[in-house]
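Undergrad: Here it is, the structure, as structure tokens.
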Amino acid sequence: MHDSDLGQRLEAILRLAPLRLTSLEIVRSLALPDWAIGAGFIRAAVWDELSGFTAATAVDDIDVLYFDPENRDSEHDAALEKRLREIEPALPWSVRNQARMHVRNGDAPYGSTADALRFWLDTPTCVAVRLDAQDRLEILAPYGLEDLFSMSIRPTPRGRTRKSTYTARIAEKKWHQRWPNVTVELP
């Protein structure tokens, strides 16, 4: 399948998941620059659908990403999390300005939210979406959507250079226990 077909499939999955669509609407209301929601929020929805699960897998957090080089203060992220909890307290919000995350990760500065995704460790996690003002989904997927839809966990170039961190992440997440069809490539 081509990424455009997979993109349409991803959109259909997310539109049928009320919690995910509501989460996107809530974050959109904050009008953050270059924002998206990614990682497990997307991955779990797709893998649940592919696995035929009728109940959604709970996510540890909802990774809200944005890129604002003018306001890199971590307290701003905390204030945004607080606002999100005020809007929807039952959801596990996690907000990170990608304009500052390169420091924590020991990378060169990122140029955008999509650029920051390239430095995450595994390919099916490097997917994020945002909802525009016309309710269209925009997909950010620097490594494409094929690994996400084939349930294949592969290291990104960054995951290959950080082998021990990548393998520790795979061991910690235990994705294969929840989704038995997942395959893992080790660097």
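Undergrad: Restricting to region 49-65, name every residue that is touching a residue at least 12 places away in the same chain (Cβ under 8 Å), out of contact with any Asp or Glu (no Cβ under 6 Å at 6 or more places or on another chain) and not aliphatic (A, V, I, L, M).
TA: Glu49, Ser51, Asp60, Asp61, Asp63
Undergrad: Which numbered condition trips up Arg83, out of (1) crowded, with 16+ Cβ neighbours inside 10 Å; (2) touching a residue at least 40 places away in the same chain (Cβ under 8 Å); (3) within 25 Å of Thr22 (Cα to Cα)?
TA: (1)
Undergrad: Another question, then. Is it the case that some residue within region 113-122 is farther than 14 Å from Gly38 by Cα and not acidic (Asp, Glu)?
TA: First, pick out the residues of region 113-122 that are farther than 14 Å from Gly38 by Cα: none.
Within region 113-122, not a single residue is farther than 14 Å from Gly38 by Cα and not acidic (Asp, Glu).
Undergrad: So which strands (runs of 3 or more DSSP E) stay within region 1-97 end to end and still have 2 or more residues that are β-branched (Val, Ile, Thr)? Show your work before the answer.
TA: Numbers: elements: 36-38, 62-66, 93-97.
Of the strands (runs of 3 or more DSSP E) lying wholly inside region 1-97, those with at least 2 residues that are β-branched (Val, Ile, Thr) span 62-66.
Here is a yes/no grid of residues against (1) over 30 Å from Leu186 (Cα atoms); (2) touching a Leu at 6+ places or on another chain (Cβ under 9 Å); (3) at pLDDT 95 or above; (4) among the aliphatic types (A, V, I, L, M):
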site: Asp63; (1), (2), (3), (4): no, no, yes, no
site: Asp68; (1), (2), (3), (4): yes, yes, yes, no
site: Asp77; (1), (2), (3), (4): yes, no, yes, no
site: Leu121; (1), (2), (3), (4): no, no, yes, yes
site: Thr125; (1), (2), (3), (4): no, yes, yes, no
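Residues checked against (1) buried (at least 16 other Cβ atoms within 10 Å of the Cβ); (2) touching a helix residue (DSSP H, G or I) at 6+ places or on another chain (Cβ under 6 Å):
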| site | (1), (2) |
| --- | --- |
| Cys126 | yes, yes |
| Arg136 | no, no |
| Ala141 | yes, no |
| Asp147 | yes, yes |
| Thr167 | yes, no |
| Ala171 | no, no |
| His176 | no, no |
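Undergrad: Could you say which residue among Asp132, Asp107 is surrounded by fewer than 16 Cβ atoms within 10 Å (Cβ to Cβ), over 22 Å from Ala56 (Cβ atoms), in contact with a strand residue (DSSP E or B) (Cβ under 7 Å, 6 or more places away or on another chain) and of a type outside the set (Phe, Trp, Tyr)?
TA: Values: Asp107 fails: in contact with a strand residue (DSSP E or B) (Cβ under 7 Å, 6 or more places away or on another chain).
Just a single option satisfies the conditions, and that option is Asp132.
Undergrad: Follow-up question, since we're still on this one. Answer yes or no as to whether Pro89 is of a type outside the set (A, V, I, L, M), touching a Leu at 6+ places or on another chain (Cβ under 6 Å), surrounded by fewer than 17 Cβ atoms within 10 Å (Cβ to Cβ) and modelled with pLDDT of 95 or more. Steps first, please.
TA: Details: of a type outside the set (A, V, I, L, M): yes; touching a Leu at 6+ places or on another chain (Cβ under 6 Å): no; surrounded by fewer than 17 Cβ atoms within 10 Å (Cβ to Cβ): yes; modelled with pLDDT of 95 or more: yes.
When the stated conditions are applied, Pro89 does not pass them.
Undergrad: Taking region 45-59 on its own, how many of its residues are surrounded by fewer than 20 Cβ atoms within 10 Å (Cβ to Cβ) and within 11 Å of Arg178 (Cβ to Cβ)?
TA: Looking only at region 45-59, we keep the residues that are surrounded by fewer than 20 Cβ atoms within 10 Å (Cβ to Cβ), and these are 48-58.
Still in the list and also within 11 Å of Arg178 (Cβ to Cβ): 48, 51, 53, 57-58.
Residues flagged as surrounded by fewer than 20 Cβ atoms within 10 Å (Cβ to Cβ) and within 11 Å of Arg178 (Cβ to Cβ) within region 45-59 amount to 5.
Undergrad: Among the residues of region 116-131, write down those that are touching a residue at least 40 places away in the same chain (Cβ under 8 Å) and either over 17 Å from Val27 (Cα atoms) or not β-branched (Val, Ile, Thr) (or both).
TA: Restricting attention to region 116-131, the residues satisfying the condition of being touching a residue at least 40 places away in the same chain (Cβ under 8 Å) are 116-118, 120-122, 124-131.
Ala116, Leu117, Arg118, Trp120, Leu121, Asp122, Pro124, Thr125, Cys126, Ala128, Arg130, Leu131, listed by residue number.
Undergrad: Look at Ser94 and say whether it is modelled with pLDDT of 95 or more, among the hydroxyl-bearing types (Ser, Thr, Tyr) and either in contact with a strand residue (DSSP E or B) (Cβ under 8 Å, 6 or more places away or on another chain) or surrounded by fewer than 20 Cβ atoms within 10 Å (Cβ to Cβ) (or both).
TA: Details: modelled with pLDDT of 95 or more: yes; among the hydroxyl-bearing types (Ser, Thr, Tyr): yes; either in contact with a strand residue (DSSP E or B) (Cβ under 8 Å, 6 or more places away or on another chain) or surrounded by fewer than 20 Cβ atoms within 10 Å (Cβ to Cβ) (or both): yes.
In short, yes.
Undergrad: Working carefully through the options Ile37, Ile42, Ile26, find the one that is over 22 Å from Ala116 (Cα atoms), of a type in the set (A, V, I, L, M), surrounded by 15 or more Cβ atoms within 10 Å (Cβ to Cβ) and in contact (Cβ under 8 Å) with a residue 12 or more places away in the chain.
TA: Result: Ile26 is the single residue among Ile37, Ile42, Ile26 that is over 22 Å from Ala116 (Cα atoms), of a type in the set (A, V, I, L, M), surrounded by 15 or more Cβ atoms within 10 Å (Cβ to Cβ) and in contact (Cβ under 8 Å) with a residue 12 or more places away in the chain.
The values are calculated or read from the model by the stated rules, or taken from the named source; none is laboratory data. Note that the coordinates shown come from a computational prediction; the quantities given were computed from them, not determined experimentally. As a convention, Cβ positions derive from the backbone with ideal geometry for all residues, glycine included, and neighbour counts pool all protein chains shown.
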